[in-house]
Amino acid sequence: MITGIEIKRKMVHLATLVIPAGYGFTSDTIVLTFLIPFFFLYLVVDLLRHFHPGLASLFRKHFFGRVLREAEKPTLMGSTYFLFSSILTILLFPKPIAIASLLILILSDTAAALVGKGFGRIPVFGKTLEGSMAFFFSSLLIVWISPGLDRLSGSFAALGAALIEALPIPLDDNLTIPLVAGAIMFFGTG
């Protein structure tokens, strides 16, 4: 079942399309000039919410506090991992691979959540087969329509990212999905 909180989470997730879109229209230097300081500011706020009672209270009462998952409350938020992985993805991979990897994280993860929570019936590792299939097929679509990508390595990247999203790996998938997808495409084209 898709809750109002999950819809808010996915709206925030989709708002991050500004990063790959901005990167597509500019350069890595311009995007990183904005992204790196924003990440550090965000990281400081994320860390302070654990140690400063006033900030923690303010944080819980407003938007982000209500959309945090239970697993995020004692650790860093998924959005902090997302910002960090965006920086790493842009630094490590050529532009077409970086953009596709970020789109997979944003769009395919959203598709997986909406399909899995809305229609999922078959449980797999605490998620649903339907959600994982939505992730995989939307990832395939992304890599097949993205210019400058090898479709074979992109297909393997879609599969790898879908597995990383579905398996109960202790690392946050906002960090692992774009790095795994990017690495598979990068090393698969050589």
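When each of the peptides 158-166, 105-113 is scored by the mean number of other C-beta atoms lying within 10 Å of its residues, the order from highest to lowest reads 105-113, 158-166. Placing a label point 7 Å from the Cα of Arg121 along the Cα-to-Cβ line, the residues of region 1-29 whose backbone N sits under 20 Å from it are 1-3.
Ranked by the mean number of other Cβ atoms within 10 Å of their residues, highest first, the peptides 73-85, 145-157, 48-60 come out as 73-85, 145-157, 48-60.
Couplings 3J(HN,Hα) for region 118-123, derived from phi with the Karplus relation 6.51 cos²θ - 1.76 cosθ + 1.60 (θ = phi - 60°), are x, 10, x, 10, 9, x Hz, where x marks Gly and Pro. When the Cα convex hull of region 1-112 is projected onto planes of every orientation, the mean area is 7.3 nm². Applying a threshold of 24 Å to the alpha-carbon distances of Lys95/Lys117; Lys73/Lys117; Lys10/Lys127; Lys61/Lys117 flags Lys95/Lys117; Lys61/Lys117 as lying beyond it. When peptides 37-46, 170-179 are ranked by their average number of other Cβ atoms within 10 Å per residue, the highest-first order is 170-179, 37-46. In this structure the amide hydrogen of Ser146, modeled in the peptide plane, comes within under 5 Å of no amide hydrogen from residues 5 or more places off or on another chain. Using a cutoff of 8 angstrom between alpha carbon atoms and counting only pairs six or more residues apart, the relative contact order for region 4-188 works out to 22 percent. With a cut-off of 10 Å between beta carbons, the residues surrounding Thr3 carry a summed charge of +2, where Lys and Arg count +1 and Asp and Glu -1. Taking label points 7 Å from Cα along the Cα-to-Cβ direction, Leu167 and Thr26 give a separation of 3.6 nm. For region 91-150, the ratio of Cα radius of gyration to the globular rule of thumb 2.2 N^0.38 Å stands at 1.24. In this structure, Ile7 and Leu43 have a Cβ-Cβ separation that, at R0 = 35 Å, corresponds to a calculated FRET efficiency of about 0.85.
By the equivalent-ellipsoid construction on the alpha carbon gyration tensor, the chain comes out with semi-axes of 27, 22, 13 Å, ordered largest to smallest.
Bear in mind these aren't lab numbers, they're just calculated from the coordinates by the rules spelled out. Source: prediction; values computed, not measured. Every residue, glycine as well, gets a Cβ built from its backbone with ideal geometry; the counts of neighbours run over all protein chains shown.
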